[in-house]
Amino acid sequence: QVQLVESEGGLAQAGNSLRLSCVASGRTASTAVIGWFRQAPGKEREFVAAIRWVSWRIGYADPVKGRFTISRDNTKNTVYLQMNSLKPEDTAGYYCAASKSGGTWDKSVDYDYWGQGTQVTVSS
């Protein structure tokens, strides 16, 4: 089992920044990819960003490219999501997730472990 705990989200004004963290524990050696997803009320959960644990290869969803940055600190088993130039449409519950296979890293169904989520609200 892998446990994932997100930091508390928060409220930000449009154009400002916010950083989320996800601390992984347990059988982290079995994970291939750590990703971030988000889900707004009434919408399906969507991919945000992901990082491959061994190669450090990174991928982003189109709506956040150039604004969000995913990074990791392996000494702390922590993955970060730095969110800059926030927009109201970024408002959602944000979840970190771990995939054992890492095959299709932008699909939520390919992830095996999930954090509880944290709320990010961006006001205009």
Computed Kirkwood radius, in angstrom, where 1/r is averaged over Cα pairs of the chain: 14.2
Dipole magnitude of the chain about its Cα centre (Cβ charges: Lys, Arg +1; Asp, Glu -1), debye to nearest 20: 280
Debye, to nearest 20: dipole size of the stretch 1-45, +1 on Lys, Arg Cβ, -1 on Asp, Glu Cβ: 100
Rg [Å, one decimal], Dmax [Å, integer] - the stretch 27-74, C-alpha atoms: 12.1, 35
Chymotrypsin sites (Phe, Trp or Tyr not before Pro) lying in DSSP loop within the stretch 1-102, provided at most 11 other Cβ fall within 10 Å: W56
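What longest region of the chain stays clear of GluC sites (Glu not before Pro) that DSSP places outside H, G, I, E and B and that have at most 13 other Cβ atoms within 10 Å?
It works out to 45-124.
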Positive-end residue, the stretch 12-124 charge dipole about Cα centroid, Cβ charges, pick of F47, C96, T75: T75
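Please tell me the relative contact order of the stretch 62-123 in percent, rounded to the nearest whole number, where contacts are Cα pairs under 8 Å and at least six residues apart.
Here the relative contact order equals 30 percent.
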Extension reserve of the K65-A40 stretch, reckoned as 0.36 nm per residue once the Cα distance is removed: 7.1 nm
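Classify the stretch 8-47: rounded, prolate or oblate, from the alpha-carbon gyration tensor (a ≥ b ≥ c, eigenvalue square roots; a/c under 1.5 rounded; otherwise prolate if a/b is larger than b/c)?
It is oblate, given that a/c is not under 1.5 and a/b is not larger than b/c.
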Solvent-accessible area of L18 with every protein chain in place, 1.4 Å probe, in Å² to the nearest 10: 40
Contact order normalised by residue count of the stretch 54-96, Cα under 8 Å, 6+ apart, percent: 28
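The values are calculated or read from the model by the stated rules, or taken from the named source; none is laboratory data. All figures in this text were calculated on a predicted structure; none of them were measured in a lab. FYI the Cβ positions are ideal-geometry reconstructions off the backbone, even for glycines, and counts take in every protein chain you see. The protein model used for the area step is the full one, side chains on, heavy atoms only, and it has no ligands, DNA or RNA in it. Shrake-Rupley method; radii C 1.70, N 1.55, O 1.52, S 1.80 Å.
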